[in-house]
Amino acid sequence: MTNPVATTIPGGYCANGGHWREVHVRPLTGADQLFLTEECEGLLPAHWVTEALTRCVTRLGPHEPVTRETIRSLTVGDREALLLHLRRLSWGERLRCLLTCPVPQCGEKLEVELAIGDLLLPPYREVVQEHELAVGEEDGAATVVRFRLPTGSDQEAVAMVAHTDVAEAAGLLLRRCVRSTSSSDGNTLDTFPEVISQQLADQMAALDPQAEITLQLACPVCGSAFSVIFDTASYLIQELELEMRHLYREVHLLAYHYHWSATEILGMSTAKRRKFLRLLEEELTQGAAQ
């Protein structure tokens, strides 16, 4: 089993009056790769993230082991940060992305290299579980909305809807996070207009900026500036699928030459597995030369 590493998340885990930002995460093993690509095949991204983090987050503050419910209770930004930490531990700091310039007349293929350290945000200054937003409407009325930030549970709840109707899923997510709404005349609102929905979504984004990573880019060919959202979960899922092309052969080679069991080899991280493969390659090359 790989050794966990201590790191921090921007928001933190709140429970029983306590608040913790320190998290222990271990890199993915071959067994994790098999589970996440084969056993979890077909899961929607929100559910997949929960499975990945439940396997690899070993401690959250004083709490261990870390359960699925704990992972689901984390904010979207904290889950995004943990995925980035997991990717860094498993395969390193650099991320290579292939994008297409969105200008129809251009369409240039762009290769962009990112550093995980540039995508991670420092701890948030404000740590509260409930927030308040006052919204003024055109008729002069004011509405006070009390809300919490979206969590992994919310993502999972709206995931199927988002698969077919993004706008409806966004509305459902907001409704799940609103604790109460009241107008200046003292009445409680069952629904709220578009102006409130938009300001509420903007406020949630401002309070949890790690939740959505936006890259500001420029095409080197046509010079157009554009932005694109970096989806860590989708990136990691695709990367795991590519890694699976090598995993079975790596296990075969190590088992054949070192006589280790598949279980022992699959319990190694990618870095450790490939360190032995490089040594094996050097030995075989030297043997062939002699």
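When you go through (1) more than 26 Å from R55 (Cα to Cα); (2) surrounded by 15 or more Cβ atoms within 10 Å (Cβ to Cβ) one by one for M268, which number turns out not to apply? For M268, the failing item is (1). All conditions but one from (1) under 16 Å from the mean Cα position of the chain (by Cα); (2) surrounded by 17 or more Cβ atoms within 10 Å (Cβ to Cβ); (3) free of Cβ contacts under 8 Å to residues at least 60 places away in the same chain apply to L174; the one that does not is (1).
Out of region 3-31, which residues are surrounded by fewer than 20 Cβ atoms within 10 Å (Cβ to Cβ) and either hydroxyl-bearing (S, T, Y) or part of a strand (DSSP E or B) (or both)? Residues satisfying the conditions are V5, A6, T7, T8, C14, A15, G18, H19, W20, R21, E22, H24. Every listed requirement among (1) in contact with a helix residue (DSSP H, G or I) (Cβ under 7 Å, 6 or more places away or on another chain); (2) farther than 23 Å from G117 by Cβ is met by P62 save one, (1).
Given the criteria out of contact with any Ser or Thr (no Cβ under 7 Å at 6 or more places or on another chain), modelled with pLDDT under 95, surrounded by 15 or more Cβ atoms within 10 Å (Cβ to Cβ) and of a type in the set (S, T, N, Q), does Q199 qualify? Yes; evaluated as a whole, the condition is true for this residue. Among residues of region 30-57 that are of a type in the set (A, V, I, L, M), those with a Cβ under 7 angstrom from a residue that is modelled with pLDDT under 95 and surrounded by fewer than 16 Cβ atoms within 10 Å (Cβ to Cβ), sequence gap 6+ or separate chain, pair up as L44/M160; L44/H163.
When G11, G107 are checked against the criterion of being of a type outside the set (S, T, N, Q) and either closer than 20 Å to S234 by Cα or in contact (Cβ under 8 Å) with a residue 60 or more places away in the chain (or both), a single residue qualifies: G11.
Just one of (1) under 22 Å from P4 (Cα atoms); (2) of a type in the set (A, V, I, L, M); (3) under 19 Å from the mean Cα position of the chain (by Cα) trips up L242, so point out which. Evaluating L242 over (1) under 22 Å from P4 (Cα atoms); (2) of a type in the set (A, V, I, L, M); (3) under 19 Å from the mean Cα position of the chain (by Cα) leaves (1) as the failure. Residues that are polar (S, T, N, Q), assigned to a helix (DSSP H, G or I) and either free of Cβ contacts under 8 Å to residues at least 12 places away in the same chain or not assigned by TED's automatic domain parsing to the domain that holds L174 (or both): does region 69-81 have at least one? Yes; the residues of region 69-81 include at least one that is polar (S, T, N, Q), assigned to a helix (DSSP H, G or I) and either free of Cβ contacts under 8 Å to residues at least 12 places away in the same chain or not assigned by TED's automatic domain parsing to the domain that holds L174 (or both). The set of residues in region 147-159 that are surrounded by fewer than 20 Cβ atoms within 10 Å (Cβ to Cβ), of a type outside the set (G, A, S) and part of a helix (DSSP H, G or I) contains only E156.
The rows are residues; the columns are (1) among the aliphatic types (A, V, I, L, M); (2) in contact with a strand residue (DSSP E or B) (Cβ under 9 Å, 6 or more places away or on another chain); (3) part of a loop (DSSP other than H, G, I, E, B).
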{"position": "L99", "(1), (2), (3)": "yes, yes, no"}
{"position": "L114", "(1), (2), (3)": "yes, yes, no"}
{"position": "L121", "(1), (2), (3)": "yes, yes, yes"}
{"position": "Y124", "(1), (2), (3)": "no, yes, yes"}
{"position": "V127", "(1), (2), (3)": "yes, yes, yes"}
{"position": "V145", "(1), (2), (3)": "yes, yes, no"}
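Identify all residues within region 40-67 that are out of contact with any strand residue (DSSP E or B) (no Cβ under 9 Å at 6 or more places or on another chain), of a type in the set (D, E, K, R) and part of a loop (DSSP other than H, G, I, E, B); write none if there are none. Residue satisfying the conditions is E41 alone.
Residue under question is L34, and the condition is that it be over 18 Å from the mean Cα position of the chain (by Cα) and not in a loop (DSSP other than H, G, I, E, B); does it hold? Please lay out each step first, then the result.
Values: over 18 Å from the mean Cα position of the chain (by Cα): yes; not in a loop (DSSP other than H, G, I, E, B): yes.
So L34 passes the test.
On inspection, R94 fails the criterion of being touching a residue at least 24 places away in the same chain (Cβ under 8 Å), of a type outside the set (G, A, S), assigned by TED's automatic domain parsing to the domain that holds E113 and under 28 Å from K275 (Cβ atoms).
The values are calculated or read from the model by the stated rules, or taken from the named source; none is laboratory data. Since the structure is predicted, the reported quantities are computational estimates derived from the model, not experimental observations. Cβ atoms come from the backbone with ideal geometry, glycine included; neighbour counts cover every protein chain shown.
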